[in-house]
Amino acid sequence: MLISRLTESAMMVEFGQQITAETTSMIADYVTFIKTQYSRELIDVTPSYTKVMLHFRLDCNCYSLLVATSEQWFADHQQSHKGSCHLTSKLHQLPVYYHSDVAPDLATVAEHSQLTEQQVITRHSDKIYQVGAIGFTAGFAFLSTVDDKIAMPRLSSPRLQIPAGSVGIADNQTAIYPDQSPGGWHIIGNCPQSLFLADQYPLSIFSIGDQVQFFAITKQEFLDLGGQLWKR
């Protein structure tokens, strides 16, 4: 474990250099622990594939305490998990409307992969994905990995505005935009379920190590769930 201070109110906790199941498991355990222990002191906890960024309240003067607690947690974790890797996670089953009404890149992905649009949808929704990192924007979960056949490079020119709920593919990852934002991922659908909880803590429904499975819904089901068509 390597800990460094980034700003007066932020620090980085690094768990390794390589993305592995063991590292994901360790980060998931650490994030749960640190959020539980310091819910009042922490403003936000942002995990990635190998690191966790902690933002804490300036008035709590808790940097040294967080360092000492983190180092002790790491030592205890190493001792109690020798040779083992376990991951306790939630399974999120999320509805997605896959259609050009909300997915301007569905046809492009189909053409690139030499599949029909329905085959792209099937390959995307058949897999169970794992949350490997959270970042880019609050609540944006990076899910890995998509079927090799539908992996896509990022757009050469990112869009200035992507609607909330848009489901995208970039390289071998997929994700849902939790809120309206710029973005360079290929958009193949939209999830009408809210993923970002602005008035709650934690802000996202996702945690590192969680699993996500998508299932296709009809246009009427999408609209009934509050989904909105893409205005272009």
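Key figures for this structure:
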{"quantity": "Of 35/149; 90/149; 51/231, pairs whose Cα-Cα distance is over 29 Å", "calculated": "35/149; 51/231"}
{"quantity": "Kirkwood hydrodynamic radius of segment 9-85, from inverse mean 1/r over distinct Cα pairs, in Å", "calculated": "12.8"}
{"quantity": "Projected area averaged over orientations for segment 91-225, convex hull of C-alpha atoms, nm²", "calculated": "7.5"}
{"quantity": "Other-chain or far-sequence residues with amide H under 5 Å of residue 94's (modelled H)", "calculated": "213, 214, 215"}
{"quantity": "Share, in percent, of DSSP beta bridges within segment 91-225 that are antiparallel, nearest 5", "calculated": "80"}
{"quantity": "Rounded percent of accessible protein surface that carbon and sulfur make up, segment 32-151, 1.4 Å probe", "calculated": "48"}
{"quantity": "Where 35, 149, 231 fall by accessible area, highest first, once all protein chains stay in place (1.4 Å)", "calculated": "231, 149, 35"}
{"quantity": "Rounded Å value of the spacing that divides the Cα centres of segment 131-189 and segment 2-77", "calculated": "25"}
{"quantity": "Whole-number accessible area per residue in Å² for the chain, which is evaluated in the context of all protein chains at 1.4 Å", "calculated": "51"}
{"quantity": "Rounded to 10°, Cα long-axis angle of helix 63-80 versus longest principal axis of the chain", "calculated": "80"}
{"quantity": "Heavy-atom accessible area order for 11, 26, largest first, 1.4 Å probe", "calculated": "26, 11"}
{"quantity": "Separation in nanometres of the label points that stand 7 Å from Cα toward Cβ, at residue 32 and residue 223", "calculated": "4.2"}
{"quantity": "Per-residue [θ]222 nm for the chain (sum of -39500 (n - 2.57) over DSSP H runs n ≥ 4, rounded to 500)", "calculated": "-7500 deg cm²/dmol"}
{"quantity": "Residue 6/residue 91 FRET efficiency (R0 35 Å; Cβ-Cβ; nearest 0.05)", "calculated": "0.60"}
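The values are calculated or read from the model by the stated rules, or taken from the named source; none is laboratory data. Being a predicted model, the structure only gives us computed values, none of them experimental. Positions of Cβ are generated from backbone atoms using ideal geometry, with glycine treated the same way; all protein chains shown enter the neighbour counts. For accessibility, only protein heavy atoms count, side chains too; no ligands or nucleic acids. Shrake-Rupley method; radii C 1.70, N 1.55, O 1.52, S 1.80 Å.
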